[in-house]
Amino acid sequence: MSEDLILEMKNITKTFPGVKALDNVNLDLYKGEIHALLGENGAGKSTLMKVLNGIHHQNSGEIYFKGQEVDFAGPREAQEAGLSIIHQELKLLPDLTVAENVFLGREKVNGIFVDFADLKEKTADVLEQLGVDIDPETKVRDLNIGSQQMVEIAKAISQEAEVLVMDEPTSSLTPGEAELLFDLIERLREQQISIIYISHKIEEIFKLCDRVTVLRDGAKVGEVEVANTNRDQLVRMMVGRDITERFPEIENNRSDKILEVKNLSVPGKVKDATFDVYKGEVLGIAGLMGAGRTELAKTIYGAFKPESGEIYYKGEKIEINSPKEAIDLGFYYLSEDRKEEGLVLTESVEHNISLSILDRIKNIGLIDQDREGELARKYIDDLAIKTPDEKREVKSLSGGNQQKVVIAKVLSTEPEVVILDDPTRGIDVGAKREIYNLINDFVEQGVAVILISSELPEVLNLSHRILVMHEHKIAGELDGGQATQEKIMNLATGGSIN
Amino acid sequence: MSQQSQEQPQAGVGATLLEKIKSATQFKTGLGLLGIIVVLSLSSEYFLTVTNLFNIVTQTSINALLAFGMTFVILSGGIDLSVGSVMAVASAVTAGLLTSGMNMVIAIIGGLIAGTGLGLFNGLVISRLAMPAFIVTLAMKSIARGLTLIYTDGRPISGFNDAFQFLGGGKVGPIPVPVIILVIVLTICYIVLKKTPFGRYVYAIGGSEEAAELSGIKTKVIKTTVFAISGFMASLSGIVLASRLNSAQPTAGTGYELDAIAAVVLGGTSLTGGRGGITGTLIGALIMGVINNGLNLLNVSSFYQLVAKGTVILLAIYLDRRSKQAA
């Protein structure tokens, strides 16, 4: 049996400063096998694959490829050895032809000129071998995403790949394109090519894969034959039962309806969203990456223009055309992307905190810098922001403290509706806990909180109501008390609650 | 080294240290200026005289005014390649109005409106149509030059009254008028950038436009305004130039945009936006002015002067990079 093994990852452990990203993970792959790698966002799937192709190096553990221990210096070396990763975001050059892309960097040359005839012929061969009907001389730009993906696969096959890793390959495909991809994957299997298939979509796993390895919090939860399992078992393995983190109890302080969203749509971002938001309540929005959570939040905040739908605020119909208007009305959106969208990294702590309220603290046109300093020092005290003083560049603070600076900015506007988009992303446990307490404070003061999070336990334990999004739509609404991780996961992956 | 200090702030070495570093960079540029002055004083007996020093500042004022406007643009993360042509438009319009017998104040306002309008147009196209500043202002550089040539029919307009010539050539006591204009404009720019919400927004947009927008800043309005300011400054500079030369040349200001950018960058303002300031730009412009003046006094051919200027810019940027990496 073990002679058919093409790849073996043994006891892989990988730590980043402060985080154990992978803990003693094992994964093996047979020739011609399609092996699913399943897990929530942040479970360690990508890290494991990055260890595999040499982007990261494991702290301990071994990788055997075709019976030999390997430690690739990087993706290029892995590719040369026969191991390619097809990424979620394709890395083709849009203005080159299919043939030029497939053999990029490996073109046959006559003297100093590329032998285009040879390029075309070889590409046609590979595409034929894959049973894909694409003209090698088409520009990649003119292909749809599904075909581009096939070009990417052709590129890997032309490099004599024996193991392919596909990372969420259907995430941006239409159902029709996905079908074509599945056919191709079947043909690859017939040609004894092994595939590690990363996906959230459980149906696909049942359709394609032989075995599943499930990761959770960087550890392998289990490995099962697809034939011997079912959807419920996989979901349970993914989310686990025990919640190791502790969350504060957030008392429901729900009073008036403050926001009512009706049939809100933004092309390509949000489809027909309808929901209500109440004062003193935490409304969680769950969903997988790319499900449209952030887009929904930003639309309410005026960053995207809705194509249709209505928003009522305190009973009145409103139209929000910019974040500025949203803030003036009493909204504030805390971005999931702290470094790019939350903070101005070139500025000081003080200047970041006051950025949204400079108009409120000016005096005959000039910023009242005494008041600005006072305000900054007050928030540094209140939120226990660890910084020597308010003039310090915000860039020099740790992630958790940077996030507190953003929160100080939120608080400074005295908002009535706060939208927190993944507020605990990339910060340590202590800072997380402080942010949970802040959510509690908001609720006590009667502020409406919309909480978006990729971490299911967070949404589950902090929210009074939960909207689950799937493919830009609200797939369902759950009561906080009755929601379970399994129910949320089911809705988030396109299933139903029952 | 730098990464460690970014990740782990240590208590006690806060703003005072930061301020020291900040003032140190300006201190260094200032020191560089002083060094050049010392060398030139020793090389030429004519250099370190009151007359010559005022002369330098007067000569510098044209570039400095352009560079002040450019500072706003670059701080916001943009670039304005049209300033040299815009100044020609403004000087031609003012000159045209003057020679047709218009009141001086109206003539000047006319020139300022023309140039500011072109800057405003730049800003609107860049912010509303989301086009890159480099391309838009490159196009405007050509358009504005063309408009000037059309308006003047390719010929200089000259022969102004004494009142107008006073702007560029007059003195109040011992102080040349362009120097006074320079100081007033510098003060206003400094206050606007450091003390007003608008100034803070310019920095914030240069640091991160997305963060600025989500923080409730009207980024499009600010970006438009910044280009209008650059157009205004270019106009002012063009009018002073016309007054000094007693002539509005249709080719005036050709290539001046590069000198203005050089002054801004020499002054320590980051080309990617978000960092820097107006005082640095003044020092940057003065360095360039002093080098020009010194080499003239030393009878160095203007061909060699160009080489010297470029070398100084390269050297200054290199030193700046190195000190930033070390910090």
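The values are calculated or read from the model by the stated rules, or taken from the named source; none is laboratory data. The structure displayed is predicted, hence computed values, not measured ones. Methodologically, a virtual Cβ is constructed for each residue, glycine included, from the backbone with ideal geometry; neighbour enumeration extends over all protein chains shown.
Quick notes on this structure:
- Residue within segment B:277-287 that is in contact (Cβ under 8 Å) with a residue 60 or more places away in the chain and over 24 Å from residue B:240 (Cβ atoms) present: no
- Selection of segment A:361-398 for residues being more than 9 Å from chain B (Cβ to nearest Cβ), within 26 Å of residue A:436 (Cα to Cα) and either assigned to a helix (DSSP H, G or I) or touching a strand residue (DSSP E or B) at 6+ places or on another chain (Cβ under 7 Å) (or both) yields A:374, A:375, A:376, A:377, A:378, A:379, A:380, A:381, A:382, A:394.
- Pairs where the first residue, in segment A:23-35, is in contact (Cβ under 8 Å) with a residue 60 or more places away in the chain and of a type in the set (Lys, Arg) and the second is surrounded by fewer than 17 Cβ atoms within 10 Å (Cβ to Cβ) and part of a loop (DSSP other than H, G, I, E, B), C-beta under 6 Å, 6+ apart: A:31/A:192
- Yes/no for residue A:376 being within 33 Å of the chain's Cα centre (by Cα), of a type in the set (A, V, I, L, M, F, W, C) and on the phi > 0 side of the Ramachandran plot: no
Residue by residue, here is whether (1) closer than 22 Å to residue A:172 by Cβ; (2) touching a strand residue (DSSP E or B) at 6+ places or on another chain (Cβ under 7 Å); (3) among the charged types (D, E, K, R) holds:
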residue: A:214; (1), (2), (3): no, yes, no
residue: A:230; (1), (2), (3): no, no, no
residue: A:247; (1), (2), (3): no, no, no
residue: A:268; (1), (2), (3): yes, no, no
residue: A:272; (1), (2), (3): yes, yes, yes
residue: A:282; (1), (2), (3): no, yes, no
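- Meets criteria (within 17 Å of the chain's Cα centre (by Cα), away from chain A (no Cβ under 14 Å), part of a helix (DSSP H, G or I) and at pLDDT 95 or above) for residue B:150: no
- Qualifying positions in segment B:207-220 - more than 7 Å from chain A (Cβ to nearest Cβ) and out of contact with any Phe, Trp or Tyr (no Cβ under 9 Å at 6 or more places or on another chain): B:209, B:220
- Residue list for segment A:91-117, restricted to those being surrounded by fewer than 16 Cβ atoms within 10 Å (Cβ to Cβ) and among the hydrophobic types (A, V, I, L, M, F, W, C): A:93, A:96, A:104, A:109, A:112, A:113, A:114, A:117
- From A:10, A:91, residue being in contact (Cβ under 8 Å) with a residue 12 or more places away in the chain and either of a type in the set (Phe, Trp, Tyr) or more than 28 Å from residue A:187 (Cα to Cα) (or both): A:10
- For residue A:311, the conditions (1) more than 10 Å from chain B (Cβ to nearest Cβ); (2) free of Cβ contacts under 8 Å to residues at least 40 places away in the same chain; (3) not in a helix (DSSP H, G or I) all hold with the exception of (2).
- In segment A:314-338, residue nearest to the other protein chains (Cβ to nearest Cβ) [restricted to those that are among the charged types (D, E, K, R) and in contact (Cβ under 8 Å) with a residue 12 or more places away in the chain]: A:324
- For residue B:167, the test of being within 25 Å of residue B:100 (Cα to Cα) and touching a residue at least 60 places away in the same chain (Cβ under 8 Å) is passed.
- Meets criteria (within 17 Å of the chain's Cα centre (by Cα) and surrounded by 20 or more Cβ atoms within 10 Å (Cβ to Cβ)) for residue B:228: yes
- Scanning segment B:173-206 for residues that are more than 7 Å from chain A (Cβ to nearest Cβ), outside any helix (DSSP H, G or I) and either without any contact (Cβ under 8 Å) to a residue 60 or more places away in the chain or under 30 Å from residue A:337 (Cβ atoms) (or both) yields one hit, B:173.
- Pair list, Cβ < 7 Å and 6+ apart or interchain, from segment A:464-487 residues that are over 19 Å from residue A:292 (Cβ atoms) to residues that are among the hydroxyl-bearing types (Ser, Thr, Tyr): A:480/A:463
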